[in-house]
Amino acid sequence: MAESRSLEVFKGIREAQQKLDYFLLGLVSALFAYVGGQYKPMPISFSQNTIELISLALFFISIIAGFKRLDLNISIMKLNFQMLDMGEKKGALNQAQSMPGQVLNTDTGEVLGRNEAAYTLQLIEENTSKVKTNLDKLSNYSSATFVVRNWALILGFLALGFSKVLGVYVVSTIV
């Protein structure tokens, strides 16, 4: 019973994370389109235009990092599935090894013998460490894209806000 509650909580957390990722990607894409649609190229100098160009670049970086994060999270889910699948098979294979003769795996319908079970267990053991290593690596990359996406978005907002204040300041000093 407790296991199913923790699984439900995990599903809820995962869904919330995905919704946030999609929302932020949509938000930054809309900002990029809005600012990019109003941007008029001018020579680079310390001006409102240049600061807007910087905010556009930061929004673009945030979009790329957001897409990469979504892609990495899909790969992580696939690797998590492989880990869980190997764990389930490992349990059935351990049971098959402990029984004399052949055993029917009721989940898959396979008939398993001791030798086949031992060989498959060895393959699972070898692949589990590889999958775990890949899972750890992709999780680190996903965390890095999370940080890059969020910081680029925040700095893009700040640059955009600063460009608007700078534009008002320049206009007020000229008048």
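The values are calculated or read from the model by the stated rules, or taken from the named source; none is laboratory data. All values derive from a computational prediction rather than experimental measurement. Virtual Cβ from ideal backbone geometry, glycine too; neighbours counted across all protein chains shown. Surface accessibility is based on the protein's heavy atoms, side chains included, excluding ligands, DNA and RNA. Shrake-Rupley method; radii C 1.70, N 1.55, O 1.52, S 1.80 Å.
Annotations for the structure displayed:
- Any chance ASN115 is modelled with pLDDT under 80, in a helix (DSSP H, G or I) and open to solvent by 70 Å² or more (accessible area, probe 1.4 Å): yes
- Qualifying residue in the stretch 34-55 (condition: small (Gly, Ala, Ser), buried (at least 16 other Cβ atoms within 10 Å of the Cβ) and under 30 Å from LEU135 (Cα atoms)): no
- Single residue of the stretch 141-157 satisfying the filter (free of Cβ contacts under 8 Å to residues at least 24 places away in the same chain and aliphatic (A, V, I, L, M)) that is least open to solvent (accessible area, probe 1.4 Å): ALA144
- Selected residue [basic (Lys, Arg), part of a helix (DSSP H, G or I) and surrounded by fewer than 12 Cβ atoms within 10 Å (Cβ to Cβ)] from LYS130, LYS164: LYS130
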